[in-house]
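Asks: What follows is a structure written as structure tokens; I'll ask about it next.
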Amino acid sequence: MKILGIETSCDETAVAIVENGRTVLVNNIISQIELHKEFGGVKPSVAKLAHEEVIDSLIEKTLADVNLSFDQIDAIAVTLGPGLVMSLLVGFKKAKELVKEYNKKLIGVNHLFGHICSNYLESDLEPPFICLLASGGHTQIINVETYIKYEVLGSTLDDACGEAFDKIGRLLGLPYPGGPNLEKLALDGNPKAFVLPEGKVSKYSFSFSGLKTAVLRLVEKLPENFNKADLAASFQENVTNTLTKKIISAANDYHSKKIIIAGGVSANKTLRKKLLEQSPVPVYMPGLKYCTDNGAMIASAGYFLKDLNQDIEMLDVFAKDPSSIKLKISSRL
Ligand code: KG4
Ligand code: ZN
């Protein structure tokens, strides 16, 4: 079964075709990073226009890249939320147009569910497992019982993990997005140079705002020419220690036999290394290109959600209020 996935929830226009939830036939992404750099973050009105400008040609190119036509596509999966509503609607409208024109099934996908499914791409991973989902908008520990049954064990109480990377990146004068740029800078730094506080919150919850404030205060006190690489490395050390500790402790508590990670921050090599070194159970992680937003994860999610009953009217309601999708589509996300 070949599913075309469309993802426009934030600043990437992404279209992919995935067979049976796992085999990526083609995965195209047009990033808007250059457009948003001057704002230091994503500007929704700019994102919407940029998605509109490229969506038609990107879908055409994606099919052409693998010599397929819509006749050979079985369904269309599209991100319905959470994300920037203006951006989401570009993908949703296009998907709706296509399913009407070509008489296909439309599958609405929760973006976070999509991130989890990025782990099924080019892999034979099967649930159950414990998942750490760390993106620009969310940080959660999720107990994944089956392909479509989940329980969120804990979430961040304030900033998302990727958001913390982005804010500290900005403070260090790095371009948007902070995460990958901070990781690069940290390569030249000493992770033990600065001792930073750990968020004191309950077991599966996270808090990054105290850490952010501590870094701010520290920078105010340091001389102007302080070693930025050292601070980047110390910040990254602190965050990745917390993430590693929490997901391993959840896996132990739930007697989970596998740990997986997902979301943009799962691309962080220090996090990946620490988990591989410290986890008592096997760790699975998405390929680097599937960590940040992409269409393949949405197409994969579509495959696992294909038998749930969704009709276009219901999806229309979700599209107007993307937060409602979490209640209906994957009952506990
Ligand atoms: O999953 P994603 O692409 O978009 C959301 O759903 O939010 O995640 C983007 C976030 C950004 O905050 C970005 O700074 C962070 O993931 N990120 C990283 C790395 N690559 C992306 N954070 C730390 N290290 C990285 N290598
Ligand atoms: Zn994402």
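Asks: Return, ordered by residue number, the residues of region 217-237 whose backbone nitrogen is under 15 Å from a label point located 7 Å along Cα→Cβ of LYS200.
Replies: Counting only backbone N, you get no residues.
Asks: Right, something else. If you count the DSSP beta bridges with both ends in the chain, what percent of them are antiparallel, to the nearest 5? Don't skip to the answer; put the middle values down first.
Replies: Details: 25 of 42 bridges.
Within the chain, antiparallel bridges account for around 60 percent of the total.
Asks: Still on this structure, please answer the following. Relative to the compact-globule scaling 2.2 N^0.38 Å, provide the ratio for the alpha-carbon radius of gyration of the chain.
Replies: Details: Rg = 19.7 Å, N = 333, 2.2 N^0.38 = 20.0 Å.
The value comes to 0.99.
Asks: Considering only GLU53, GLU97, GLU224, give the residue with the highest GNM mean-square fluctuation for the chain, with springs between Cα atoms whenever their separation is below 10 Å.
Replies: Comparing GLU53, GLU97, GLU224 in the GNM, the peak value goes to GLU224.
Asks: Could I ask something else about it? From the square roots a ≥ b ≥ c of the eigenvalues of the alpha-carbon gyration tensor of region 39-135, which class results: rounded (a/c under 1.5), prolate (a/b over b/c), or oblate? The partial results should precede the final answer.
Replies: Details: a/c = 1.82, a/b = 1.08, b/c = 1.68.
It comes out oblate by the Cα gyration axes.
Asks: In whole percent, and with a 1.4 Å probe on the protein chains, what portion of the accessible area of region 127-284 is carbon and sulfur? Walk me through the intermediate numbers first.
Replies: Values: 3820 of 7050 Å².
Whole-percent figure for carbon plus sulfur exposure: 54.
Asks: Among DSSP beta bridges lying fully in region 127-284, give the percent that are antiparallel, nearest 5.
Replies: Working: 11 of 18 bridges.
DSSP beta bridges in region 127-284 are roughly 60 percent antiparallel.
Asks: Here is a further query. At a Förster distance of 30 Å, what's the computed FRET efficiency of SER31 paired with LEU187, Cβ-Cβ distance as r, to 0.05?
Replies: 0.85
Asks: Now for a separate question. Order 6-19, 98-111 from most to least packed using the mean count of other Cβ atoms within 10 Å.
Replies: Numbers: 6-19: 26.6, 98-111: 18.9.
Sorting 6-19, 98-111 by mean packing, highest first, produces 6-19, 98-111.
Asks: Apply the Karplus curve 6.51 cos²θ - 1.76 cosθ + 1.60, θ = phi - 60°, to the phi angles in region 68-76 and return the couplings in whole Hz, x for Gly and Pro.
Replies: 10, 10, 4, 4, 8, 9, 8, 7, 10
Asks: Moving to a separate point now. Probe of 1.4 angstrom, ligands and nucleic acids ignored: what's the accessible area per residue over the chain, in square angstrom? Present the calculation step by step, with values, prior to reporting the outcome.
Replies: Working: 14370 Å² over 333 residues.
Solvent-accessible surface per residue comes out at 43 Å².
Asks: Could you please state, rounded to a whole Å, how far the C-alpha centre of region 21-38 is from the C-alpha centre of region 88-147?
Replies: Region 21-38 and region 88-147 have Cα centres spaced 15 Å from each other.
Asks: Let me ask something additional. How high is the FRET efficiency from LEU288 to ARG217, r the C-beta distance, R0 35 Å, rounded to 0.05?
Replies: Values: r = 34 Å, r/R0 = 0.97.
That gives a FRET efficiency of 0.55.
Asks: A further question follows. Springs between alpha-carbon atoms under 10 Å, Gaussian network over the chain: tell me which of LEU172, LEU121, LEU182 tops the mean-square fluctuations.
Replies: Sorting by GNM fluctuation, first place goes to LEU172.
Asks: Please give the contour-minus-distance gain from ASP65 to GLU126: 0.36 nm per residue of separation, less the Cα-Cα distance, rounded to one decimal in nm. Kindly include the intermediate steps, with their values, before the conclusion.
Replies: Values: separation 61, 0.36 × 61 = 21.96 nm, distance 2.94 nm.
Stretched fully, the ASP65-GLU126 segment lengthens by 19.0 nm.
Asks: Further question on the same structure: Rank by packing, highest mean first: peptides 211-222, 23-34, 285-296, with packing defined as the count of other Cβ atoms within 10 Å averaged across residues.
Replies: On the way: 211-222: 14.3, 23-34: 17.0, 285-296: 23.8.
Order by mean packing, descending: 285-296, 23-34, 211-222.
Asks: If you build a Gaussian network model of the chain, linking Cα atoms that sit under 10 Å apart, which residue out of SER155, SER87, SER135 swings the most?
Replies: Fluctuation is largest for SER155.
Asks: Can you give the Kirkwood hydrodynamic radius of region 127-284 from its Cα pairs, in Å with one decimal? Show your work: numbers first, answer last.
Replies: Details: mean 1/r = 0.0633 Å⁻¹.
Taking every pair of different Cα atoms in region 127-284, averaging 1/r and inverting gives 15.8 Å.
Asks: Compare the Cα positions of GLY178, PHE226, LEU275 along the charge dipole of region 127-284 (+1 at Cβ of Lys, Arg; -1 at Cβ of Asp, Glu; about the Cα centre) and return the one farthest towards the positive end.
Replies: Selected residue: LEU275.
Asks: Calculate, for ASN252 and GLU19, the FRET efficiency according to 1/(1 + (r/R0)^6) with r their C-beta to C-beta distance and R0 51 Å; round to the nearest 0.05.
Replies: My answer for the efficiency is 0.90.
Asks: Same structure, new question: From the phi of every residue in region 292-298, what ³J(HN,Hα) in whole Hz does the Karplus formula 6.51 cos²θ - 1.76 cosθ + 1.60 yield, where θ is phi - 60° and glycine or proline is x?
Replies: Values per residue, Gly and Pro as x: 7, 3, 7, x, 5, 5, 6 Hz.
The values are calculated or read from the model by the stated rules, or taken from the named source; none is laboratory data. Remember, it's a predicted structure, so these values are computed and weren't measured experimentally. So basically every Cβ, Gly included, is an ideal-geometry build from the backbone, and we count neighbours across all protein chains shown. Note: accessible area is taken over every heavy atom of the protein model, side chains too, but ligands, DNA and RNA are not part of it. Shrake-Rupley method; radii C 1.70, N 1.55, O 1.52, S 1.80 Å.
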